[in-house]
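The values are calculated or read from the model by the stated rules, or taken from the named source; none is laboratory data. Remember, predicted model here, so these are calculated numbers, not experimental data. So basically every Cβ, Gly included, is an ideal-geometry build from the backbone, and we count neighbours across all protein chains shown. Just so you know, the surface numbers come from the protein's heavy atoms only, side chains and all, with ligands and any DNA or RNA stripped out. Shrake-Rupley method; radii C 1.70, N 1.55, O 1.52, S 1.80 Å.
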Amino acid sequence: SPVNTWVGAIVGAIPPLIGWSAAAGVESLHDLFTQRSESGGLLLAALLFLWQIPHFHALALICGKDYTAGGYRMLAQINPRANANWSVVTSI
């Protein structure tokens with residue numbers, strides 16, 4: 001499913017957030033979302049999430065045959081126009 005890029009972007013944004021939290025001594029999810037000093041970790045995760053979308057949409061254009069051969073349904077092959085739109089939206 002073309003949703004694979006979004007799921008992968010979430011998974012890719014989590015490790016830096018975990019690292020930030022560990023270095024800052026965050027003890028709970030509540031602390032992560034309520035302490036002002038933790039906003040940098042959330043910002044970093046958000047930036048990485050948003051960066052990954054256009055990055056993988058571009059890769060899907062270049063390596064589309066490889067993704068198809070591997071059984072992945074990428075938005076670039078299914079709906080190139082939507083692929084371009086999402087790339088622009090997440091790049092701004």
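Which one of these is open to solvent by less than 80 Å² (accessible area, probe 1.4 Å) and touching a residue at least 40 places away in the same chain (Cβ under 8 Å): GLY25, GLY8? Give the steps one after another, and end with the answer.
Details: GLY25 fails: touching a residue at least 40 places away in the same chain (Cβ under 8 Å).
Just a single option satisfies the conditions, and that option is GLY8.
Whether any residue in the range 74-86 is touching a helix residue (DSSP H, G or I) at 6+ places or on another chain (Cβ under 8 Å) and exposed (fewer than 14 other Cβ atoms within 10 Å of the Cβ) is what I want to check.
The answer is yes; a qualifying residue exists.
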